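Chemist: Take a look at the following structure, please.
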2 protein chains.
Amino acid sequence: MTQPPSVGAEALPAEPSKGAQTRAAILNRAVDLASAEGLEGLTIGRLAAELRMSKSGLFAHFGSKRELQLATVDAAAERFRVAVIEPAMSAPDGAPRLRAMGERYLSHLDLYSGGCFWGATSAEYDDRPGPVRDAIAAALDAWLGELERQAEIAGVENPKRFAFELYAVVMGANARYRLSRDRKVFDHARGALARLEAELPPG
Amino acid sequence: MTQPPSVGAEALPAEPSKGAQTRAAILNRAVDLASAEGLEGLTIGRLAAELRMSKSGLFAHFGSKRELQLATVDAAAERFRVAVIEPAMSAPDGAPRLRAMGERYLSHLDLYSGGCFWGATSAEYDDRPGPVRDAIAAALDAWLGELERQAEIAGVENPKRFAFELYAVVMGANARYRLSRDRKVFDHARGALARLEAELPPG
DNA sequence: GATTTGCACGAACGTTCGTGCTTTTATAGC
DNA sequence: GCTATAAAAGCACGAACGTTCGTGCAAATC
């Protein structure tokens, strides 16, 4: 399971400590749970029970529920980055990357049991001022900003509107699927993305 | 304040009893509160405090929190019907009514302090099976169904996709505005609706 | 081999939640 | 104006929440 200590070679991801491993496992589960129940509905007791550890032991990793929530938002952002942003970054700037972003988003939804983390939590916190809301807003702003940048590169006349529309279509697909459980909405979303793509100037 | 009892004239909204009035006032406030805090975050104690009545007195009107939640969903549906559906119904079938629906939705958001009730609660309940989820899903299905019907009348080649796109744009505008508080998203949404409208066949 | 540190545990705290009872107050018909 | 009934309040409960505390144990350090 664990590597023998390779003499001399000090890789930077150097054998995470037990605590760090536990923390990562907690946050991994926390992201899934919060996607389904929300960050407020995410309860320390239930999280601990699912991971078969004590409330207090889990609690000690974060010190407060707010810190747990903030760490969960960070973990979700990292997961999103790995599953959506980074793969799309290998596509060329502009139109291809926009296409990759949309498609990656739609396909990465299958990996969650509770739907898109951001769809669930942004609706939950849009009226609850504080650091949690700020963190969620910052993550979404970053994604919208990237979409807008790529739309600009692609030569769209109104990049902000284009970014909004792409966001609305994929997030709407998530929301609609969660409620109807009809996978046809993904076809509709892909159709909408294709229509959006057709708007891009040739180049 | 109260009208003198007009003799002989029995209007159908016949002087609601005290209890019915109180109940209506409770639900009116409950819709606003749930739009901001969610139907789970909606607490009987807080609702009672805001209406300056006792927890138990308010509670007696519904018998359980679940019944309060269901009644709140119904009240929200009624509010939506009055503010969006009915006014749009005065527009002719097809394209004009679709335009009215989108525009009415966007403008009716200003009436809420906590954003669109359905945007908040559908995300909250999409993973909580039960009658509350069913009621929310039914209300949204009804709206989507109406949009689809009008798109069909307007001669759209794929009414389901058209309805989804209209839904995604206006709901996305709500979600995006709640988080960014930038009213420009409504301009983007109206631009997207115009582009969608341009897709309609002439007639 | 002794000591310190990192992690996790169980028990208990105070608070808030929904809910059930009983009593008081307000309303509406004779 | 009295009375039956409906509406609201008062009070207490059990459960679940986040949080604190003291303790046990294992690995690491000296």
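Chemist: Mind listing just one residue for me: the one in region A:118-133 that is hydrophobic (A, V, I, L, M, F, W, C) and within 11 Å of another protein chain (Cβ to nearest Cβ) and, of those, nearest to the chain's Cα centre (by Cα)?
Modeler: Selected residue: A:W118.
Chemist: Could you list all residues from region B:148-162 that are surrounded by fewer than 24 Cβ atoms within 10 Å (Cβ to Cβ) and among the aliphatic types (A, V, I, L, M)?
Modeler: B:I153, B:A154, B:V156
Chemist: Can you name the condition, by its number, that B:V82 falls short on among (1) within 16 Å of DNA strand D (Cβ to nearest atom); (2) loosely packed, with under 15 Cβ neighbours inside 10 Å?
Modeler: It is condition (1) that B:V82 fails.
Chemist: Which one of A:P131, A:P92, A:P87 is away from DNA strand D (no atom under 16 Å from the Cβ) and either touching a residue at least 40 places away in the same chain (Cβ under 8 Å) or closer than 23 Å to A:G172 by Cβ (or both)?
Modeler: Result: A:P87 is the single residue among A:P131, A:P92, A:P87 that is away from DNA strand D (no atom under 16 Å from the Cβ) and either touching a residue at least 40 places away in the same chain (Cβ under 8 Å) or closer than 23 Å to A:G172 by Cβ (or both).
Chemist: Out of region B:56-104, which residues are of a type in the set (A, V, I, L, M, F, W, C), closer than 21 Å to B:G155 by Cα and not in a helix (DSSP H, G or I)?
Modeler: If the condition is that a residue be of a type in the set (A, V, I, L, M, F, W, C), closer than 21 Å to B:G155 by Cα and not in a helix (DSSP H, G or I), then B:A91 is the only one that fits.
Chemist: Looking only at residues that are within 15 Å of DNA strand C (Cβ to nearest atom) and within 24 Å of A:D126 (Cβ to Cβ) in region A:18-37, which one is farthest from the other protein chains (Cβ to nearest Cβ)?
Modeler: So, considering only residues that are within 15 Å of DNA strand C (Cβ to nearest atom) and within 24 Å of A:D126 (Cβ to Cβ), the one farthest from the other protein chains (Cβ to nearest Cβ) is A:L27.
Chemist: Please go through (1) more than 9 Å from chain A (Cβ to nearest Cβ); (2) over 21 Å from A:A120 (Cα atoms); (3) part of a helix (DSSP H, G or I) for B:V156 and return the number of the only condition it doesn't satisfy.
Modeler: So the condition that B:V156 fails would be (3).
Chemist: Sticking with this one: Report yes if some residue within region A:56-66 is within 28 Å of B:A175 (Cα to Cα) and among the aromatic types (F, W, Y); otherwise report no.
Modeler: no
Chemist: Follow-up question, since we're still on this one. Name the residue that is nearest to DNA strand D (Cβ to nearest atom), counting only residues in region B:38-55 that are part of a loop (DSSP other than H, G, I, E, B) and within 14 Å of chain A (Cβ to nearest Cβ).
Modeler: Among those residues, the one meeting the criterion is B:T43.
Chemist: For region B:110-138, enumerate the residues that are crowded, with 19+ Cβ neighbours inside 10 Å, among the aliphatic types (A, V, I, L, M) and out of contact with any Ser or Thr (no Cβ under 9 Å at 6 or more places or on another chain).
Modeler: B:A135
Chemist: Can you find, within region A:1-56, the residue that is nearest to A:G119 (Cα to Cα) among those that are of a type in the set (K, R) and modelled with pLDDT of 90 or more?
Modeler: The residue in question is A:R29.
Chemist: Let me ask something else about it. Report yes if some residue within region B:44-54 is surrounded by 13 or more Cβ atoms within 10 Å (Cβ to Cβ) and over 21 Å from B:A20 (Cβ atoms); otherwise report no.
Modeler: yes
Chemist: Among the residues of region A:165-203, write down those that are assigned to a helix (DSSP H, G or I), of a type in the set (D, E) and more than 7 Å from chain B (Cβ to nearest Cβ).
Modeler: A:D187, A:E197
Chemist: List pairs: first residue in region A:39-68 and at positive phi, second residue more than 9 Å from DNA strand D (Cβ to nearest atom) anywhere in the structure, Cβ distance under 7 angstrom, at least six positions apart or on different chains.
Modeler: Matching pairs, first to second residue: none at all.
Chemist: Just to check your reading of the model, which residue among B:A60, B:A49, B:A71, B:A88 is away from DNA strand C (no atom under 16 Å from the Cβ) and aliphatic (A, V, I, L, M)?
Modeler: B:A88 is the lone residue from the list that is away from DNA strand C (no atom under 16 Å from the Cβ) and aliphatic (A, V, I, L, M).
Chemist: Looking at B:L111, B:L166, B:L200, B:L196, which is the one that is within 25 Å of B:L70 (Cα to Cα) and either in contact (Cβ under 8 Å) with a residue 12 or more places away in the chain or in contact with a strand residue (DSSP E or B) (Cβ under 9 Å, 6 or more places away or on another chain) (or both)?
Modeler: Every option except B:L111 fails the conditions.
The values are calculated or read from the model by the stated rules, or taken from the named source; none is laboratory data. Quick caveat: nothing in here was measured; it's all calculated off a predicted structure. Cβ atoms come from the backbone with ideal geometry, glycine included; neighbour counts cover every protein chain shown.
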